[in-house]
1. Filter region B:388-403 down to the residues that are within 24 Å of residue B:225 (Cβ to Cβ) and in a helix (DSSP H, G or I), then identify the one that is farthest from the other protein chains (Cβ to nearest Cβ).
2. Return the total of residues in region B:19-32 being under 23 Å from the mean Cα position of the chain (by Cα) and either near the ligand (Cβ under 9 Å from one of its atoms) or part of a loop (DSSP other than H, G, I, E, B) (or both).
3. Name the single residue that is surrounded by the most Cβ atoms within 10 Å (Cβ to Cβ) among those in region A:154-173 being facing chain B (nearest Cβ under 10 Å) and at pLDDT 85 or above.
4. Quick check on region B:164-194: of everything there that is assigned to a loop (DSSP other than H, G, I, E, B) and within 23 Å of residue B:207 (Cα to Cα), which residue is farthest from the ligand (Cβ to nearest atom)?
5. Can you tell which of B:271, B:257 is surrounded by fewer than 22 Cβ atoms within 10 Å (Cβ to Cβ) and under 27 Å from residue B:147 (Cβ atoms)?
6. Can you name the residue in region B:452-467 that is in contact (Cβ under 8 Å) with a residue 24 or more places away in the chain and part of a helix (DSSP H, G or I) and, of all such residues, is farthest from the other protein chains (Cβ to nearest Cβ)?
7. Within the bounds of region B:428-448, is there any residue that is part of a strand (DSSP E or B), crowded, with 16+ Cβ neighbours inside 10 Å and on the phi > 0 side of the Ramachandran plot?
8. Just to be sure before I move on: is residue B:449 closer than 24 Å to residue B:210 by Cα and within 12 Å of chain A (Cβ to nearest Cβ) in the structure I sent?
Ligand SMILES: Cc1cc2nc3c(=O)[nH]c(=O)nc-3n(C[C@H](O)[C@H](O)[C@H](O)COP(=O)(O)OP(=O)(O)OC[C@H]3O[C@@H](n4cnc5c(N)ncnc54)[C@H](O)[C@@H]3O)c2cc1C
């Protein structure tokens, strides 16, 4: 039995929708979830999703037509079905909903007018998406120089924001408008200047497959909880500088965090564990995985017995592992068997993130960048160097308080990094 | 001693410090200002103001000498040196008193004494070696200014080798004087002493007086100085200074060789150095730049909450710059800079108050070309100005530099009487981005010297009427 598809209310203030384009033609089969048309509302251009099954028998509103919310835009049914009555019904309802065209954009959602162009007519000129208008009302304040520059360059001062006293447009504003590409034609400014993106289907690599399976399993079967601490890295920064100066080698913050994690894990064996249903295994060794991103995924080389190694040893080993990881030359025992993992996005300027646990481990540490920011010390605002660490814990193996204490210890070690070289 | 707390504590009562203090008080803040000498700083006590009084004496004396051409004969003209100096000191102390009144009126706490920073937010005040106050400021501004720079190896003795400070209070007019330095201060003293009959030799290491000025302006000034009787030596270097029982023996050298010049007194006016000694900033780790305190665009040093303005914060070393920096610093630190304005270092007027006066703002022709501008230059000589002729001051010219494309006013240079007053119009024109046409079409009263500005803008586009 045929049914009507009506214009849905796509935003809470929408009263009218404009059919920008039909994605399906009369006679095509459509099913639930298909995008059948593109609609312009008062807020945005949106896709119109279909919830009916059948054949698109009749398009009531052609491309470019306007229709009030609730108005019938199309009829769906079985091929060959008689839909004359439905069409009449739809036309009648559309007619009765008509209002004065001039008011169609006004806040009178009750009875907007139907404005259907004849199907053969040329498509109406699309409204410029957000073409600048002469904007602010009244006199435009601009310096004489700015006025000259604008008229020489064919700019409409009404489209330029002024930064001078009282919003006066000055030379600088014209220059920055030009620099931002505003100087080209007023309309084309907003037109898409970028080459079109191409849709591509990429085969899933083996590595990606593994990542997908393991992470999905982890995220869906491990009850994660997250603990974030902010670490004062002032001394760590100093230590790093001092080590460099003393030509001890370039120890990274990551190395310090690996060492600090190893030391903390010794104190909190629950964090260095695996939940195996019947038992929780508290590992007898501390092996720390370091997530390294490589072209088609990521790999986690492992620093074995990291708690037994000095900062310098960790540093050298990590560097060497990372090089080979990037070359995909790691041996299996070099990237398996970790009991705890660290993931570092500090180099991307990330301020905070959380990671998915690498099963069967009980925790993973997400390392963000060191940020210069004002902090309060003894009631005074002073410059500080702070870094966020967020650990994800498996709640089956680790309790909240234990997680918190582990993080507190980690923070303490990093804030007193001398403890890392003792 | 317990701390007295303020929203802002300002060290130094010069045009940087006292103006900042008044602005902060206007914003309803509690303000302390510490000054070791007299309020008003170098500017009011040993700089801008007293020198202008001295220069006026020189000008009056010169104009009396030239009064014949206006039909006035004056006989038995005599100069009472101590009164010349006295007048200058009186003006200074009157104005310094005025600043003291302004502090009271704005309820600013004035502490007399030497300030020392004991931390970025605390200031100890000592008077005669005794601690008189401990101040704590949520913000602290250092505005301790600068003092005359010495030439390495040539020490000031205050009698025969002197700085500008002594030069403005000499108890006897010297018969001869050697002025080292062709900057504003050296020029003003050279003019002043020469006008009263001292035999002046002025030495500049670079190739012109006012090395940063437009070459034509500097040449015009140099010619005028020579005509007035000053012995001007450019591209000349001071090698050594020896004091003798009579005065000084100065060895100078140029491309042709060296020679010895003798004079009663040598005035060293080669620039300034920062007043940082004993302030305590070294221990706070305050970052410096070429001997001056380094600040950001909010005038904050690398130590949060500690600010520096005026001469101490580096060039340009001018009173109006110090004051503007003080205002912007205060408005920014209290979040009151609603329009977000900064200090526009491209629009600083530079003035020299000798006769003929020199004033400039923005770029000169050479600098504009170096910056890649295609320029149009308009020049109007005071010779062609009715007013300048009428008052007997036909020396000099107005030169305006425009960017060819839109007629943007890039800079202005004026040499001539009242040049320093006329430059204000061009500062405003630049601030409001007036173009050549705007200036040309602005009606200027006739007859005025300022008409020359209008004419110069016309001249850039071959539309000047009177040339
Ligand atoms: C001869 C001469 C002529 C000049 N003519 C002009 C001119 O015509 N136009 C112009 O724009 N500029 C002129 N200047 C420059 C002008 O004087 C300075 O640029 C201006 O004074 C700078 O202001 P300021 O507030 O930074 O410092 P200053 O005016 O130097 O004030 C600093 C104050 O801080 C005080 N102080 C220093 N240390 C301490 C401390 N530890 N504790 C307490 N108080 C302290 C000093 O006693 C001083 O009063 C002239 C300078 C000289 C020397």
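1. B:389
2. So the answer is 2.
3. Only one residue fits best here, namely A:169.
4. Looking at the filtered set, the residue picked out is B:182.
5. Going through B:271, B:257 in turn, just one is surrounded by fewer than 22 Cβ atoms within 10 Å (Cβ to Cβ) and under 27 Å from residue B:147 (Cβ atoms): B:271.
6. So, considering only residues that are in contact (Cβ under 8 Å) with a residue 24 or more places away in the chain and part of a helix (DSSP H, G or I), the one farthest from the other protein chains (Cβ to nearest Cβ) is B:452.
7. Taking every residue of region B:428-448 in turn, none turns out to be part of a strand (DSSP E or B), crowded, with 16+ Cβ neighbours inside 10 Å and on the phi > 0 side of the Ramachandran plot.
8. Considered against the rule, which asks whether it is closer than 24 Å to residue B:210 by Cα and within 12 Å of chain A (Cβ to nearest Cβ), residue B:449 comes out as no.
The values are calculated or read from the model by the stated rules, or taken from the named source; none is laboratory data. Source: prediction; values computed, not measured. We place every Cβ from the backbone using ideal geometry, glycine too, and count neighbours over all the protein chains shown.
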